[in-house]
Amino acid sequence: MSKTTETEKAAAALKAAAPKPSKSSLRLDEESRALLRRFMADWVWPRWRELAWTVLLTGCLAAATGGYPAVIKLSFDTLMKSDQADSGLLKLVLIAIVGITLVRSAFLYLQNVATNRLVLRLTTDIQQLAFSHLISADFSRLSRDTPGRLVSKLTNDISFIQTAVTAAMNSAIRDTLSVIALLISMLYLDWMMTLVVLAVYPLAAVPIALISRRLRRVAKQTQNELGDMTSLLSENLSGARLIKSFRLEDYASKKLGASFEQVFKLRLKAVKTRARLDPLLEVLGGLAVAGVVAFAYLRIASGISTVGDFMGFVTALLMAAQPIRALGNLSGKVQEGLAAIESVYELLDEKPTIVNRPNAKPLVLKAGTISFRNVGFAYEPGSKARAVSDFTLDVTGGQTVALVGRSGAGKSTIINLVPRLFDVTEGAILIDGQDVRDVTLASLRDKVAIVSQDITLFDDTIAANIALGKLNATPEEIRAAAKAAAAHDFIMAQPQGYDTLIGDRGGRLSGGQRQRIALARAILKDAPVLLLDEATSALDTESERLVQDALARFTTNRTTLVIAHRLSTVQRADVICVMEDGRIIERGAHQELIARKGAYARLAGSGHGVAFVN
């Protein structure tokens, strides 16, 4: 057997016996590089002018930093050569030291401002794009995650990215250039001692890489837990009324406390992992300084070097310690940032399914007739559980049709399908013969106004909340809409009238007042198709009478779908449809259905005045 063959076999055996990196580790590295390239292409390179200015200032700062040890060397050499105290010479030395310090300080300030301005602009743009993408997503996607978790993506994750990019700008550019400048000074002062230092610091590369990979995993876990914690906080703070009335303070505190504790443990785990870097770099720095001192002693004793060379070199070495340490910690911060970037890109890469078709045209409304043709819908794609099945109904333009039935019958689902908050999975919905999927979303939703039991109001003035129905509405139009919704009188009784701030979700108003503001918003929109989902459920008897009169006027010549559990609301409808298990099981006018003594009569009650079970 030849030596070549034996060598090849030995090499193959060693290769087989050697520990192999896991596929996940390799994939993680590849994904990290791809993620960084994408992030740079999307967010950094388009801002190349700001980046170039920042790098220029960083270069000037590095040059000033590199010149500092040379000034120290010159100062010591000059003073050591002086036979006696020379105040004039000392003055020049002090001026040189103060001068280089002032120059370095000025560039440090300018570089710091430029870097943070670039990073803040970048992360703010990411935040704005992420929110715009999220708010434009499908309604089903927004419903899938809790508001708290989505808020966490737009706040906590962006904060991680900001920290990582700032660290990268300062360490990868400023600290790297500073170390290079100081290294040049060290080579100029004593190249042999520089080689001693360079032999020590590369030893830290392997443990730093291992620690960084661990930090990436911990960061991902921390961000997920932060999302859960933010979600719990949002739920409990918004449910304060329930918590108080059911005496659930201890329960809520324990539940949140467990989440706080988990975040604490994960953050502490990250701190412990990061904390391993500083001692490692500290020990290596100590070894480097010890080696330099010993080596310098021999060189000074032999006359090869001067005290000035030594002091300048030590100054450069000590000044390089901080940026070298920052570079050592950079990998950990970048890994945390990568985990956050990955989370944000997961959001940005989600494509909405409810979009305009390629040849979508604006909705042309004539009579306003809505036709449901064998409509079927399931919330989970492919699921056999149907929220709506074989639903067929024609709502003539200008007609009011009421949908009644027990909870879960599919009434609200039908309402949500009309403006394409969800898309039908079977059949079709037509408005004046036009499939709602074939018209533009903007034109469809402009023609539809929804008022639901779940009122959405913002922490703004009453006028601003009503004006959401028509953003360019005049004060007179807002007042007219409020009067039509029987809201004007209670609004004028508020401290600042229409300019009164109503608090988070309209918390400073009663349920009936909030609902009348929502009605005023819909009236102001003046859409030809009106969808009312329990729109009068929170009104007292007097307010309901006023609103019913207003709706009677407002729904004239409008196509209206009504969901209600109050008999007084339903009996005015032209047609009443009773739903069960997503299907229509009865339809007709109020008196006609009562006479049949079927499902509608049972819902209404034998006295015809009992509220529907909903």
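The values are calculated or read from the model by the stated rules, or taken from the named source; none is laboratory data. Since this is a predicted model, take the numbers as computed values, not measurements. Virtual Cβ from ideal backbone geometry, glycine too; neighbours counted across all protein chains shown.
Looking at (1) touching an Asp or Glu at 6+ places or on another chain (Cβ under 8 Å); (2) closer than 19 Å to V547 by Cβ; (3) of a type in the set (G, A, S), which is the only condition A480 fails?
Of the numbered conditions (1) touching an Asp or Glu at 6+ places or on another chain (Cβ under 8 Å); (2) closer than 19 Å to V547 by Cβ; (3) of a type in the set (G, A, S), the odd one out for A480 is (1).
If I ask for residues that are modelled with pLDDT of 75 or more, polar (S, T, N, Q) and either farther than 15 Å from T230 by Cβ or out of contact with any helix residue (DSSP H, G or I) (no Cβ under 7 Å at 6 or more places or on another chain) (or both), which ones from segment 242-268 would you list?
Selection gives S253 alone.
Yes/no matrix, rows are residues, columns are (1) loosely packed, with under 15 Cβ neighbours inside 10 Å; (2) modelled with pLDDT of 85 or more; (3) more than 26 Å from L266 (Cα to Cα):
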{"residue": "L122", "(1), (2), (3)": "no, yes, yes"}
{"residue": "L187", "(1), (2), (3)": "no, no, yes"}
{"residue": "D190", "(1), (2), (3)": "no, no, yes"}
{"residue": "I208", "(1), (2), (3)": "no, no, no"}
{"residue": "A219", "(1), (2), (3)": "no, no, no"}
{"residue": "D228", "(1), (2), (3)": "no, no, no"}
{"residue": "L232", "(1), (2), (3)": "no, no, no"}
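Give G609, G588, G598 a once-over and let me know the one that is more than 41 Å from the chain's Cα centre (by Cα), farther than 21 Å from G512 by Cα and modelled with pLDDT under 75.
G609
Could you please find all residues in segment 362-397 being of a type outside the set (A, V, I, L, M) and within 33 Å of the chain's Cα centre (by Cα)?
P362, F377, Y379, E380, P381, G382, S383, R386
Pairs needed: first member in segment 578-597, part of a loop (DSSP other than H, G, I, E, B); second member anywhere, crowded, with 19+ Cβ neighbours inside 10 Å and of a type in the set (D, E, K, R); C-beta distance under 8 Å; at least 6 residues apart or different chains.
G582/R386
State which residue pairs qualify: first residue under 11 Å from L444 (Cβ atoms) and inside segment 353-369, second residue in a loop (DSSP other than H, G, I, E, B) and among the basic types (K, R) in any location, beta carbons under 6 Å apart, and separation of 6 or more residues or different chains.
Note: pairs meeting the criteria are I354/R420; L363/K447; L365/K447.
Scan segment 377-408 for residues that are within 18 Å of A428 (Cβ to Cβ), surrounded by fewer than 16 Cβ atoms within 10 Å (Cβ to Cβ) and in contact (Cβ under 8 Å) with a residue 60 or more places away in the chain and jot them down.
If the condition is that a residue be within 18 Å of A428 (Cβ to Cβ), surrounded by fewer than 16 Cβ atoms within 10 Å (Cβ to Cβ) and in contact (Cβ under 8 Å) with a residue 60 or more places away in the chain, then D390, T392, T396 are the ones that fit.
Does any residue of segment 513-536 turn out to be among the acidic types (D, E), farther than 30 Å from G368 by Cα, touching a residue at least 12 places away in the same chain (Cβ under 8 Å) and surrounded by fewer than 21 Cβ atoms within 10 Å (Cβ to Cβ)?
no
State yes or no: is T569 among the hydroxyl-bearing types (S, T, Y), part of a helix (DSSP H, G or I) and surrounded by 19 or more Cβ atoms within 10 Å (Cβ to Cβ)?
For T569, the condition - among the hydroxyl-bearing types (S, T, Y), part of a helix (DSSP H, G or I) and surrounded by 19 or more Cβ atoms within 10 Å (Cβ to Cβ) - is met.
Out of all the residues in segment 470-481, which are buried (at least 21 other Cβ atoms within 10 Å of the Cβ) and either farther than 18 Å from M492 by Cβ or of a type in the set (V, I, T) (or both)?
If the condition is that a residue be buried (at least 21 other Cβ atoms within 10 Å of the Cβ) and either farther than 18 Å from M492 by Cβ or of a type in the set (V, I, T) (or both), then I478 is the only one that fits.
Which one is surrounded by the most Cβ atoms within 10 Å (Cβ to Cβ) among residues in segment 339-376 that are of a type outside the set (G, A, S) and touching a Phe, Trp or Tyr at 6+ places or on another chain (Cβ under 7 Å)?
Residue satisfying both the conditions and the ranking: I341.
Looking at segment 464-493, which of its residues are closer than 15 Å to R514 by Cα, of a type outside the set (D, E) and over 29 Å from the mean Cα position of the chain (by Cα)?
A481, A482, K483, A484, A485, A486, A487, H488, F490, I491, M492, A493
Take the residues in segment 366-393 that are assigned to a strand (DSSP E or B) and at positive phi; name whichever of them is modelled with the highest pLDDT.
N374
With the requirement that a residue be buried (at least 23 other Cβ atoms within 10 Å of the Cβ) and among the small types (G, A, S), what does segment 159-169 give you?
Within segment 159-169, just A164 meets the criteria.
Counting only residues that are under 18 Å from F554 (Cα atoms) and touching a residue at least 24 places away in the same chain (Cβ under 8 Å), which one in segment 482-503 is surrounded by the most Cβ atoms within 10 Å (Cβ to Cβ)?
A487
When segment 29-48 is examined, which residues are found to be under 21 Å from the mean Cα position of the chain (by Cα) and either surrounded by 13 or more Cβ atoms within 10 Å (Cβ to Cβ) or within 13 Å of A339 (Cα to Cα) (or both)?
S32, L35, L36, F39, D42, W43, V44
Report whether or not A172 is surrounded by fewer than 19 Cβ atoms within 10 Å (Cβ to Cβ) and either at pLDDT below 85 or in contact with a His (Cβ under 8 Å, 6 or more places away or on another chain) (or both).
Yes, satisfied.
Condition check ((1) small (G, A, S); (2) within 33 Å of the chain's Cα centre (by Cα)) across all residues:
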site	(1), (2)
P495	no, no
I502	no, yes
R508	no, yes
R514	no, yes
K525	no, yes
P528	no, no
A535	yes, yes
V547	no, no
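Please tell me if I414 is at pLDDT 90 or above and closer than 21 Å to F554 by Cα.
When the stated conditions are applied, I414 does not pass them.
List the residue pairs whose Cβ atoms are under 6 Å apart, where the first residue sits in segment 454-471 and is in contact (Cβ under 8 Å) with a residue 12 or more places away in the chain and closer than 18 Å to G511 by Cα, the second is in a loop (DSSP other than H, G, I, E, B) and of a type in the set (S, T, N, Q), and the two are 6 or more positions apart or on different chains.
Cβ pairs passing all conditions: I462/T500.
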